[in-house]
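To keep things clear, I will list the structure first and then write my remarks on it.
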Amino acid sequence: MEIAIIAHDLKKELMTQFCIAYCGILSKHNLCATNITAKYISEATGLEIEKLLSGVQGGKQQIASRIACNEIDVLLYFKDTRPNAEVDDVETELLRLCDLYNVPVATNIATAEVIVTALDRGDLDWREIYNPRSGYNLKLRASNRKD
(Lines give C-alpha, C1' and ligand atoms only; values in the text may rest on other atoms or scores of the structure.)
Protein backbone atom coordinates (compact mmCIF):
# COMPACT_ATOMS: atom_id res chain seq x y z
CA MET A 1 0.00 0.00 0.00
CA GLU A 2 1.01 3.59 -0.59
CA ILE A 3 0.92 5.64 2.62
CA ALA A 4 1.40 9.42 2.64
CA ILE A 5 2.41 11.18 5.85
CA ILE A 6 2.12 14.85 6.78
CA ALA A 7 2.64 16.37 10.23
CA HIS A 8 2.34 20.00 11.24
CA ASP A 9 5.39 21.33 13.08
CA LEU A 10 3.62 20.94 16.43
CA LYS A 11 2.77 17.30 15.60
CA LYS A 12 6.05 16.05 14.13
CA GLU A 13 7.19 14.51 17.42
CA LEU A 14 3.82 12.79 17.89
CA MET A 15 3.94 11.44 14.33
CA THR A 16 7.48 10.21 14.90
CA GLN A 17 6.45 8.43 18.11
CA PHE A 18 3.47 6.92 16.27
CA CYS A 19 5.75 5.62 13.51
CA ILE A 20 8.15 4.16 16.08
CA ALA A 21 5.24 2.31 17.70
CA TYR A 22 3.95 0.97 14.37
CA CYS A 23 7.27 0.59 12.57
CA GLY A 24 6.72 -3.13 12.01
CA ILE A 25 3.46 -2.54 10.14
CA LEU A 26 4.62 0.56 8.26
CA SER A 27 7.78 -1.20 7.04
CA LYS A 28 5.61 -3.49 4.89
CA HIS A 29 4.31 -0.56 2.84
CA ASN A 30 5.57 2.23 0.60
CA LEU A 31 5.82 5.49 2.48
CA CYS A 32 6.13 9.06 1.31
CA ALA A 33 6.12 12.18 3.46
CA THR A 34 6.76 15.87 3.36
CA ASN A 35 10.48 16.52 3.68
CA ILE A 36 11.03 17.40 7.33
CA THR A 37 8.48 14.87 8.56
CA ALA A 38 10.18 12.18 6.46
CA LYS A 39 13.55 13.15 7.92
CA TYR A 40 12.30 12.91 11.52
CA ILE A 41 10.62 9.55 10.95
CA SER A 42 13.42 7.92 8.95
CA GLU A 43 16.08 9.00 11.47
CA ALA A 44 14.03 7.67 14.40
CA THR A 45 12.85 4.42 12.79
CA GLY A 46 15.13 3.55 9.90
CA LEU A 47 12.06 3.30 7.67
CA GLU A 48 12.59 3.97 3.99
CA ILE A 49 10.50 7.02 3.13
CA GLU A 50 10.26 8.91 -0.14
CA LYS A 51 10.96 12.54 0.74
CA LEU A 52 8.75 15.07 -0.99
CA LEU A 53 9.02 18.83 -0.79
CA SER A 54 8.37 20.42 2.58
CA GLY A 55 4.71 21.19 3.21
CA VAL A 56 5.04 24.94 2.67
CA GLN A 57 7.12 24.45 -0.49
CA GLY A 58 4.53 22.23 -2.16
CA GLY A 59 4.77 18.84 -0.45
CA LYS A 60 1.10 18.89 0.51
CA GLN A 61 0.24 19.70 -3.11
CA GLN A 62 2.39 16.78 -4.28
CA ILE A 63 0.42 14.45 -2.02
CA ALA A 64 -2.86 16.00 -3.17
CA SER A 65 -1.95 15.35 -6.80
CA ARG A 66 -1.04 11.74 -6.00
CA ILE A 67 -4.40 11.29 -4.30
CA ALA A 68 -6.11 12.79 -7.36
CA CYS A 69 -4.24 10.29 -9.55
CA ASN A 70 -5.27 7.46 -7.19
CA GLU A 71 -1.69 6.76 -6.18
CA ILE A 72 -2.19 7.02 -2.40
CA ASP A 73 -4.04 4.40 -0.34
CA VAL A 74 -3.85 5.99 3.13
CA LEU A 75 -3.14 9.51 4.38
CA LEU A 76 -1.83 10.10 7.89
CA TYR A 77 -2.14 13.86 8.44
CA PHE A 78 -1.56 15.13 11.96
CA LYS A 79 -2.60 18.73 11.52
CA ASP A 80 -2.45 21.84 13.65
CA THR A 81 -5.22 21.67 16.25
CA ARG A 82 -4.79 25.04 17.92
CA PRO A 83 -8.08 26.99 18.11
CA ASN A 84 -6.65 29.85 16.06
CA ALA A 85 -4.92 27.64 13.47
CA GLU A 86 -5.52 28.67 9.90
CA VAL A 87 -7.01 26.12 7.55
CA ASP A 88 -5.44 26.70 4.17
CA ASP A 89 -6.92 25.83 0.79
CA VAL A 90 -4.47 22.96 0.28
CA GLU A 91 -5.56 21.30 3.53
CA THR A 92 -9.20 21.60 2.53
CA GLU A 93 -8.43 20.18 -0.92
CA LEU A 94 -6.44 17.26 0.57
CA LEU A 95 -9.38 16.22 2.73
CA ARG A 96 -11.86 16.73 -0.13
CA LEU A 97 -9.76 14.52 -2.42
CA CYS A 98 -9.59 11.80 0.24
CA ASP A 99 -13.39 11.86 0.39
CA LEU A 100 -13.70 11.88 -3.40
CA TYR A 101 -11.30 8.97 -3.96
CA ASN A 102 -12.20 6.95 -0.84
CA VAL A 103 -8.77 7.29 0.71
CA PRO A 104 -8.80 6.55 4.45
CA VAL A 105 -7.38 9.58 6.27
CA ALA A 106 -6.35 10.03 9.89
CA THR A 107 -6.01 13.52 11.33
CA ASN A 108 -5.25 12.37 14.87
CA ILE A 109 -3.42 9.54 16.61
CA ALA A 110 -6.58 7.62 17.58
CA THR A 111 -7.78 7.37 13.98
CA ALA A 112 -4.25 6.63 12.77
CA GLU A 113 -4.07 3.65 15.14
CA VAL A 114 -7.40 2.33 13.87
CA ILE A 115 -6.30 2.66 10.23
CA VAL A 116 -2.85 1.13 10.73
CA THR A 117 -4.17 -1.83 12.71
CA ALA A 118 -6.88 -2.33 10.06
CA LEU A 119 -4.16 -2.23 7.44
CA ASP A 120 -2.26 -4.94 9.30
CA ARG A 121 -5.37 -7.14 9.56
CA GLY A 122 -6.03 -6.81 5.83
CA ASP A 123 -9.18 -4.73 6.23
CA LEU A 124 -7.94 -2.29 3.59
CA ASP A 125 -6.91 -4.87 0.99
CA TRP A 126 -9.69 -3.60 -1.27
CA ARG A 127 -7.41 -0.61 -1.95
CA GLU A 128 -4.97 -2.96 -3.70
CA ILE A 129 -7.55 -3.53 -6.42
CA TYR A 130 -8.82 0.05 -6.45
CA ASN A 131 -5.38 1.63 -6.75
CA PRO A 132 -3.91 1.30 -10.27
CA ARG A 133 -0.34 1.61 -8.95
CA SER A 134 -0.79 -1.15 -6.40
CA GLY A 135 1.43 -4.19 -6.49
CA TYR A 136 -1.63 -6.25 -7.40
CA ASN A 137 -2.40 -4.18 -10.48
CA LEU A 138 1.22 -3.87 -11.57
CA LYS A 139 1.57 -7.68 -11.46
CA LEU A 140 -1.70 -8.06 -13.36
CA ARG A 141 -0.54 -5.71 -16.12
CA ALA A 142 2.85 -7.44 -16.33
CA SER A 143 1.22 -10.85 -16.70
CA ASN A 144 -1.17 -9.53 -19.37
CA ARG A 145 1.80 -8.22 -21.41
CA LYS A 146 3.34 -11.72 -21.39
CA ASP A 147 0.17 -13.27 -22.83
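The values are calculated or read from the model by the stated rules, or taken from the named source; none is laboratory data. Because the structure is predicted, anything quoted here is derived from the model rather than measured. Cβ placement follows ideal geometry from the backbone for every residue including glycine, while neighbour counts extend to all protein chains displayed. Quick note on the areas: whole protein, heavy atoms, side chains included, nothing else; ligands and nucleic acids left out. Shrake-Rupley method; radii C 1.70, N 1.55, O 1.52, S 1.80 Å.
Please go through region 60-89 and give me each residue that is closer than 25 Å to V114 by Cβ and assigned to a helix (DSSP H, G or I), ordered by number.
Result: K60, I63, A64, R66, I67, A68.
Can you confirm whether C69 is at pLDDT 85 or above and out of contact with any Leu (no Cβ under 7 Å at 6 or more places or on another chain)?
For C69, the condition - at pLDDT 85 or above and out of contact with any Leu (no Cβ under 7 Å at 6 or more places or on another chain) - is met.
So, of the residues in region 94-147 that are open to solvent by 90 Å² or more (accessible area, probe 1.4 Å) and at pLDDT 90 or above, which turns out to be farthest from M15 (Cα to Cα)?
Checked region 94-147; the qualifying residue farthest from M15 (Cα to Cα) is L100.
Considering only region 4-30, state which residues are within 20 Å of C69 (Cβ to Cβ) and buried (at least 22 other Cβ atoms within 10 Å of the Cβ).
Correct list: A4, I5, I6.
Every residue in region 1-27 that is of a type in the set (D, E, K, R), modelled with pLDDT under 95 and not in a strand (DSSP E or B), please.
D9
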